[in-house]
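Reading through the structure tokens given below for one structure.
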Amino acid sequence: MTEIGLVRVDSRLLHGQVVTRWIGQVGAREVIIFDDELSQDEFMIEVFKMAAPSGVNLIVKSVNDVENTLSERNLKHTIILFKNIPMLLKGMKANTKIDRIQIGGIGGGPGRVVVFKNITLTKDEYDELQNLVSEGIHVYLQTVPEEKEVGLKDIENKFK
């Protein structure tokens with residue numbers, strides 16, 4: 001597997017915690033956002049580029065571009081962001097380089113269960129993430145670097 005700085009699912013994408021904590025933690029020189037909707041919104045892309053720290057390259061692509069964007073690229077100092085679990089799953093179908101996935105902030109809504117701090121999942125999302133784990137992918141919940149990783153096994157009682 002290719003070493004990737006961080007693959008994170010976070011509904012806010014590039015925001016304060018990512019900018020101030022995760023970029024430094026990873027030593028990131030680039031952030032790649034894979035999101036179908038955002039990739040079509042030039043204004044919001046410019047807003048996100050302004051939010052990126054100096055010296056950090058921001059790339060925004062459709063999830064359909066995962067394989068082409070990640071192939072033959074050094075990803076050790078890269079943060080890859082997906083807005084939600086469906087976008088992550090779509091990206092995972094196109095690329096097998098991803099072997100660790102961090103679930104960060106995902107807001108609430110109908111059918112969503114708070115599983116850890118500001119992270120909510122539906123039962124279907126939980127099951128899909130469990131499928132990734134069964135394929136050998138390390139999936140964990142963590143909102144900030146100072147926290148210990150929480151595994152899916154630790155939250156399984158939320159869906160019983």
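When you go through Lys83, Lys148, Lys153 one by one, which is the residue that is in contact with a helix residue (DSSP H, G or I) (Cβ under 8 Å, 6 or more places away or on another chain) and at pLDDT 90 or above? So that I can check it myself, show each step before the final result.
Numbers: Lys148 fails: in contact with a helix residue (DSSP H, G or I) (Cβ under 8 Å, 6 or more places away or on another chain); Lys153 fails: in contact with a helix residue (DSSP H, G or I) (Cβ under 8 Å, 6 or more places away or on another chain).
On inspection, the qualifying residue turns out to be Lys83.
Going through the range 71-105 one residue at a time, which ones are more than 17 Å from Leu129 (Cβ to Cβ) and either of a type in the set (A, V, I, L, M) or open to solvent by less than 10 Å² (accessible area, probe 1.4 Å) (or both)? Talk me through it step by step, then tell me what you get.
Initially, the range 71-105 is screened for residues more than 17 Å from Leu129 (Cβ to Cβ), giving 71-79, 94, 97.
If the condition is that a residue be more than 17 Å from Leu129 (Cβ to Cβ) and either of a type in the set (A, V, I, L, M) or open to solvent by less than 10 Å² (accessible area, probe 1.4 Å) (or both), then Leu75, Thr78, Ile79, Ala94 are the ones that fit.
Surrounded by 19 or more Cβ atoms within 10 Å (Cβ to Cβ) and either part of a helix (DSSP H, G or I) or under 16 Å from the mean Cα position of the chain (by Cα) (or both) - does that describe any residue in the range 107-116?
Kept after step one, since they are surrounded by 19 or more Cβ atoms within 10 Å (Cβ to Cβ), are these residues of the range 107-116: 115.
After this cut, where a residue has to be either part of a helix (DSSP H, G or I) or under 16 Å from the mean Cα position of the chain (by Cα) (or both) as well, the list is none.
Checked against the condition, which is being surrounded by 19 or more Cβ atoms within 10 Å (Cβ to Cβ) and either part of a helix (DSSP H, G or I) or under 16 Å from the mean Cα position of the chain (by Cα) (or both), the range 107-116 yields no hits at all.
From the set of residues in the range 41-70 that are part of a loop (DSSP other than H, G, I, E, B) and free of Cβ contacts under 8 Å to residues at least 24 places away in the same chain, which is surrounded by the most Cβ atoms within 10 Å (Cβ to Cβ)? First the steps, then the outcome.
Start the filter on the range 41-70 by keeping residues that are part of a loop (DSSP other than H, G, I, E, B), which leaves 41, 52-56, 62.
Then keep just the ones that are free of Cβ contacts under 8 Å to residues at least 24 places away in the same chain; that gives 41, 54.
On the way: Asp41: 13, Ser54: 4.
Here the residue is Asp41.
Does Gln25 satisfy the criteria of being in contact with a Pro (Cβ under 6 Å, 6 or more places away or on another chain) and either in a helix (DSSP H, G or I) or at positive phi (or both)?
Details: in contact with a Pro (Cβ under 6 Å, 6 or more places away or on another chain): yes; either in a helix (DSSP H, G or I) or at positive phi (or both): yes.
When the stated conditions are applied, Gln25 passes them.
The values are calculated or read from the model by the stated rules, or taken from the named source; none is laboratory data. Remember, it's a predicted structure, so these values are computed and weren't measured experimentally. Backbone-built Cβ (ideal geometry, glycine too); neighbour counts: all protein chains shown. Ligands, DNA and RNA are excluded from the accessible area calculation, which covers all protein heavy atoms including side chains. Shrake-Rupley method; radii C 1.70, N 1.55, O 1.52, S 1.80 Å.
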